[in-house]
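The values are calculated or read from the model by the stated rules, or taken from the named source; none is laboratory data. Here the structure is a predicted model, which means the values were calculated and not measured. Glycine also receives a Cβ, built like all others from the backbone with ideal geometry; neighbour counts cover every protein chain displayed. Each accessible area value is taken on the protein alone, full model and side chains, heavy atoms only, with ligands, DNA and RNA left out. Shrake-Rupley method; radii C 1.70, N 1.55, O 1.52, S 1.80 Å.
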Amino acid sequence: MAAVAAPRTHPTQLIDRASPLPVYFQIAVDLRRRIAEGEWSTGQRIAPELALAREYDVSRVTVRQAIAELVKDDMLERRRGSGTYVRDRQRPLVYDLNLTVGALASRWRDVHFDNRAEVIEAGIVEPPPEELRHRLQIPRSGRVAYMVRRVFINDHPTVLYRSWFNGELVPALEVSPRLSGSLSIVLAEDYRLSPIRSETELEVVRPTREETKLLQVASDIPMVVVTATTYLQDGRPLEHAQLAWLGDRVRFHITAYDGESA
């Protein structure tokens with residue numbers, strides 16, 4: 001006699017609305033299970049957001065949040081105008097806050113992430129505003145080189161990278177033909193400059209209209225802005241930067257110590 005498969009639990013029964021875990025996170029856990037069990041195979045499009053919202057009896061925004069969790073883990077990928085698909089090569093993009101931007105980019109290259117940049121704007125800020133002079137510790141008469149680059153990771157526009165440098169340390173950087181590559185390599189090879197530490201701040205913001213256009217995303221996708229100032233061995237600031245990351249594309253990692261271990 002053939003075995004009878006147990007009936008599948010309806011998705012709404014898997015959501016515990018009294019749980020301290022957010023509903024979107026519970027849905028993400030269940031979607032992960034459904035993928036692992038083969039409901040959607042590698043390269044296949046999963047159910048549309050509206051269909052999943054009906055299944056779980058939640059809003060489309062909640063489903064979108066759940067999908068964003070799996071996009072961060074590189075399990076799913078969104079294709080503009082097509083839907084959401086199970087990735088065939090899963091490598092989550094993790095921003096390690098213990099590293100400088102240059103060291104982080106080097107680590108990503110080591111694990112074969114394709115990383116290229118498109119220069120949106122570059123030039124000189126002269127005279128620099130007080131905030132930049134404070135960050136870069138330069139006099140009122142100092143020169144600041146700046147650039148705005150759109151960074152593609154694995155061919156997806158992922159981050160807007162705004163940089164300001166002490167112009168005395170990096171003469172003509174703003175006109176370098178190598179700005180579409182690794183900025184840390186340009187600094188090391190052309191200027192013999194390698195930062196050893198950074199001070200970093202994080203802020204979650206709504207994208208501007210310009211940012212949604214440049215990164216090709218909807219206006220309801222949150223952005224995580226990483227503001228960092230990097231320093232050379234002798235303590236001089238080298239770069240002040242703001243990296244506006246798509247919140248559904250990257251996870252952040254930091255190693256913390258208690259006061260006695262630091």
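Residue count for region 134-166 under the criterion of being under 29 Å from PHE252 (Cα atoms) and either among the hydroxyl-bearing types (Ser, Thr, Tyr) or open to solvent by 70 Å² or more (accessible area, probe 1.4 Å) (or both): the result is 7.
Any idea which residue in region 209-232 is modelled with the highest pLDDT, counting only those that are out of contact with any strand residue (DSSP E or B) (no Cβ under 9 Å at 6 or more places or on another chain) and among the hydroxyl-bearing types (Ser, Thr, Tyr)? Checking each candidate, the answer is THR212.
To keep it simple, each residue is scored yes or no on (1) of a type outside the set (Lys, Arg); (2) touching a Pro at 6+ places or on another chain (Cβ under 6 Å); (3) part of a strand (DSSP E or B).
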position	(1), (2), (3)
TYR95	yes, no, yes
ASN98	yes, no, no
GLY102	yes, no, no
ALA105	yes, no, no
ARG109	no, no, no
ARG116	no, no, yes
ILE120	yes, no, yes
GLY123	yes, no, yes
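Every listed requirement among (1) touching a residue at least 40 places away in the same chain (Cβ under 8 Å); (2) under 30 Å from TRP40 (Cβ atoms); (3) open to solvent by 60 Å² or more (accessible area, probe 1.4 Å) is met by VAL119 save one, (2). Residues to consider are VAL29, VAL23, VAL58; find the one that is farther than 17 Å from ARG79 by Cβ, among the hydrophobic types (A, V, I, L, M, F, W, C) and over 26 Å from the mean Cα position of the chain (by Cα). The conditions single out VAL58. Within region 251-262, no residue that is in a loop (DSSP other than H, G, I, E, B) and modelled with pLDDT of 60 or more sits with its Cβ atom under 7 Å from a residue that is open to solvent by less than 90 Å² (accessible area, probe 1.4 Å) and of a type in the set (Val, Ile, Thr) at 6+ positions apart or across chains. Evaluate the following for GLU131: is it among the acidic types (Asp, Glu), open to solvent by 30 Å² or more (accessible area, probe 1.4 Å) and not in a loop (DSSP other than H, G, I, E, B)? It is true that GLU131 is among the acidic types (Asp, Glu), open to solvent by 30 Å² or more (accessible area, probe 1.4 Å) and not in a loop (DSSP other than H, G, I, E, B). Considering region 30-84, the residues that are β-branched (Val, Ile, Thr) and in a loop (DSSP other than H, G, I, E, B) include one that is most open to solvent (accessible area, probe 1.4 Å), namely THR42. Looking only at residues of region 182-204 that are hydrophobic (A, V, I, L, M, F, W, C) and within 23 Å of the chain's Cα centre (by Cα), we find that the one that is farthest from ASP234 (Cα to Cα) is VAL204.
Note on region 70-103: residues that are within 13 Å of the chain's Cα centre (by Cα) and either farther than 30 Å from THR229 by Cβ or not basic (Lys, Arg) (or both) amount to 10. Modelled with pLDDT of 85 or more, open to solvent by 30 Å² or more (accessible area, probe 1.4 Å) and over 27 Å from ARG78 (Cβ atoms), is that true of GLY235? Against the criterion (modelled with pLDDT of 85 or more, open to solvent by 30 Å² or more (accessible area, probe 1.4 Å) and over 27 Å from ARG78 (Cβ atoms)), GLY235 qualifies. Any chance region 191-202 includes a residue that's closer than 30 Å to ARG60 by Cα and open to solvent by 70 Å² or more (accessible area, probe 1.4 Å)? Yes: region 191-202 contains one or more residues that are closer than 30 Å to ARG60 by Cα and open to solvent by 70 Å² or more (accessible area, probe 1.4 Å).
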